[in-house]
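Right, one structure below, let's go through it.
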Amino acid sequence: MGAQNGKDLLVKVDMNGSGLFETIAGLRATRVSFNAESVDVTSLESQGGWRELLSGAGVKSASISGSGVFKDAGTDERARQLFFDGETPDFQVIIPDFGIVEGAFQMTGIEYAGSYNGEATYEMSMASAGALSFTAL
């Protein structure tokens, strides 16, 4: 995989629960991270005193964050609704030349900012709320 354009990493939200995904408008920076907790099963019998981990155990999670400017009333309104209602709709994250990650996420943070001589901006963060699927591109 060669170098990719950052603007091609897209975050999309299901707008009405029917699988109608729209890119969250105005995002300038996006980030997705995947995590897997480990379960330490090291004991006095562990060979050479090396740590041992239990295969396939632990909690997997993902998070999405993004920041941008207000561009589209529909997706701005949907983001606010998700936060205040505590909903967990499906999101899609399109990672160029890699694949599409899809699943339920909860909006865990939303911040608004603006300066006197600049544009109004927002930042949002989401945490996975169930199993995720991956489709290779």
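At-a-glance table
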read-out	value
Highest-fluctuation residue, Q81, Q92, Q106 considered, GNM on the chain with Cα pairs under 10 Å	Q81
Residue-count net charge about L9 - beta-carbon cut-off 12 Å; Lys, Arg +1, Asp, Glu -1	+2
Residue-count net charge about Y122 - beta-carbon cut-off 14 Å; Lys, Arg +1, Asp, Glu -1	-2
222 nm mean residue ellipticity, helices alone, for the chain (DSSP H n ≥ 4; -39,500 (n - 2.57); rounded to 500)	-3000 deg cm²/dmol
Residues M107, M15 arranged by fewest to most Cβ contacts within 10 Å	M15, M107
Packing-based order for 126-133, 40-47, 62-69, 29-36, using average beta carbon neighbours within 10 Å, highest first	62-69, 126-133, 29-36, 40-47
Residue-count net charge about I94 - beta-carbon cut-off 9 Å; Lys, Arg +1, Asp, Glu -1	0
Cross-link reach list, aspartates and glutamates versus K71, counting only Cα pairs under 12 Å and skipping chain neighbours closer than eight places	E119
Angle between the chain longest axis and helix 73-85 axis [Cα atoms, degrees, rounded to 10]	50 degrees
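Values quoted throughout were computed directly from the atomic coordinates according to the rules given, and no laboratory measurement underlies them. Everything numeric here is computed off the predicted structure, so don't read it as measured data. Neighbour counts run over all protein chains shown; Cβ positions are idealised from the backbone, glycine included.
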